[in-house]
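Just below is one structure, and these are the notes that go with it.
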């Protein structure tokens, strides 16, 4: 069974940093592409970014609102992807989902809540 | 990369059909056959309903169908059922290894 489990969500002050983890199981993680998507309360989905596999040189791409502040990485030996978030702003407050790319985003985690507030 | 445009809400009675539009540009929806649709119930993670414009993942009822014309994609739900009441989002590849989501549509079953 495919599972994605996010962790690391927390309350952080503006300007601070936080790192989310996405632990995967039930599929070939090392060959997969992993996305991060966020959703502010009462708002729509926003694409945050993706990381490709080793075969594609772990290429990353980011949405305009997070580029330069967020970094996606992965540790294939731990079947885990990460989202490092720096220079956090109040508008980054959201539930952050990781998702596996197969036939589009075919499996999603349950989400991790990040709250940016003083 | 601006969000794709969807109607804020669509409603229909049980058994009826509804269609949700998703309008982008030639740089996203119109430029690639990588449009997908997601269903999201309150407090739940999104669920993939359609991928590559028209394809249904295993387990998704054939009441759900989709198409694309130019820069606009559409999702049709036929034989509307109570459990179809949810938020629906389109998404598209937007070039340069990036994706973009739609603004979302709340579907209400009357």
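One table, with the values for the structure above:
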read-out: Listed residues A:49, A:15, A:26, most fluctuating in chain A (Gaussian network, C-alpha, under 10 Å); value: A:26
read-out: Cα shape, chain A, gyration tensor, a/c 1.5 rule; value: prolate
read-out: Partner chain coverage, peptide B:38-51 - average Cβ within 10 angstrom; value: 4
read-out: Residue order, fewest to most surrounding Cβ atoms within 10 angstrom, among A:38, A:69; value: A:69, A:38
read-out: Spatial separation of Cα centroids for segment B:17-34 and segment A:81-117, in angstrom; value: 24
read-out: For chain B, diffusion coefficient by Stokes-Einstein and Kirkwood Rh (Cα), 37 °C, 0.692 mPa s, µm²/s; value: 239
read-out: For segment A:1-47, convex hull volume per residue from C-alpha positions, Å³; value: 117
read-out: Segment B:1-43 - Debye-derived log10 I(q)/I(0), Cα point model, q = 0.17 Å⁻¹; value: -0.65
read-out: Fewest-first ranking of B:80, B:4, using other Cβ atoms within 10 Å as the exposure measure; value: B:80, B:4
read-out: Residue of B:12, B:59, B:79 that the Gaussian network model of chain B assigns the largest fluctuation, springs spanning Cα pairs under 10 Å; value: B:59
read-out: Projected-area mean, the protein assembly as shown, by convex hull of Cα positions, square nanometres; value: 12.0
read-out: Order of A:1, B:52 under a 10 Å beta carbon neighbour criterion, fewest first; value: A:1, B:52
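Where a number appears in this text, it was derived from the coordinates with a stated rule and is not lab data. Given the structure is predicted, the values throughout are model-derived calculations rather than measurements. A quick note on method: Cβ atoms are made from the backbone with ideal geometry, for glycine too, and the neighbour counts reach across all protein chains shown.
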